[in-house]
Amino acid sequence: MTNAATQFSGGGAVRILGLDPGLRRTGWGVVAAEGSRLRWIAHGVVTPDDKAPFSERLLHLLEAVGEICAAHACDEAAIEEVFVNVNPASTLKLGHARAAVMLAPARCGLSVAEYSPNLIKKAVVGAGHADKGQIAFMVKRLLPASGDVKADAADALAVAITHAQLRKRALLARVAA
């Protein structure tokens with residue numbers, strides 16, 4: 001697991017963990033949201049051993065994301081929804097990884113919101129079909145303290161940014177349900 005972090009003392013800020021699930025590389029990013037202000041807390045990538053058995057890779061994801069939740073005192077989490085791939089086997093494996101990554105914050109008592117890739121791109125870049133370079137560029141603009149963020153972590157930070165922007169709507173929908 002790689003990590004870039006800084007301290008933040010944000011009083012009434014809500015810490016949001018954004019997750020971009022993958023079996024080989026799961027990006028994660030933590031932001032603090034206070035009103036419309038966002039601050040970068042940390043980001044990184046969880047990389048299970050490619051040679052490990054499938055079940056051990058899933059366990060690694062579950063445990064590592066759980067440690068991230070605890071280490072950064074996260075209050076809420078958000079995850080990117082799975083897009084259907086041409087290869088059904090790859091889609092199924094991604095679904096397994098997503099489940100492991102999603103269970104970790106739930107196990108820590110966090111609510112976990114889900115957002116489609118197009119909604120995330122639209123929220124961060126303004127276009128639902130933005131490429132990874134555009135996402136990384138906007139993440140760096142919105143969270144300048146994050147530095148040069150690589151693709152997986154940038155995508156995870158984009159998920160956290162999206163949740164920060166849409167969380168009030170999501171919370172209202174949950175209360176109404």
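The table below lists the values:
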item	result
Cut-off under 5 Å, modelled amide H: who pairs with residue 110 long-range	none
Sequence ranges 153-159, 64-70, ranked by mean other-Cβ count within 10 angstrom, highest first	153-159, 64-70
Isotropically averaged projected area of the stretch 68-170, using the convex hull of Cα atoms (one quarter of hull area), nm²	7.0
Cα-based equivalent ellipsoid, the chain: semi-axes from gyration tensor eigenvalues, Å	23, 18, 17
Zero-based 10 Å bins, Cα pair distances in the stretch 70-123, whole percents	23, 43, 30, 4
In the stretch 119-161, lysine pairs closer than 13 Å at Cα, eight or more apart or cross-chain	5
Expected 222 nm ellipticity per residue - DSSP helices of 4 or more, -39500 (n - 2.57), all of the chain, to 500	-15500 deg cm²/dmol
Cα→Cβ-extended label distance, 7 Å offset, between residue 73 and residue 129, nm	4.4
Loop GluC sites (Glu not before Pro), the stretch 71-177, which have at most 14 other Cβ atoms in a 10 Å radius of their Cβ (DSSP)	81
Calculated FRET efficiency for the pair residue 142/residue 118, C-beta based, R₀ 22 Å, to 0.05	0.75
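Rule-based calculations on the coordinates, nothing more; no lab input. Just so you know, these numbers come straight off a predicted model, no measurement behind them. Note that each Cβ is placed from the backbone with ideal geometry, even for glycine, and that neighbours are counted across all protein chains shown.
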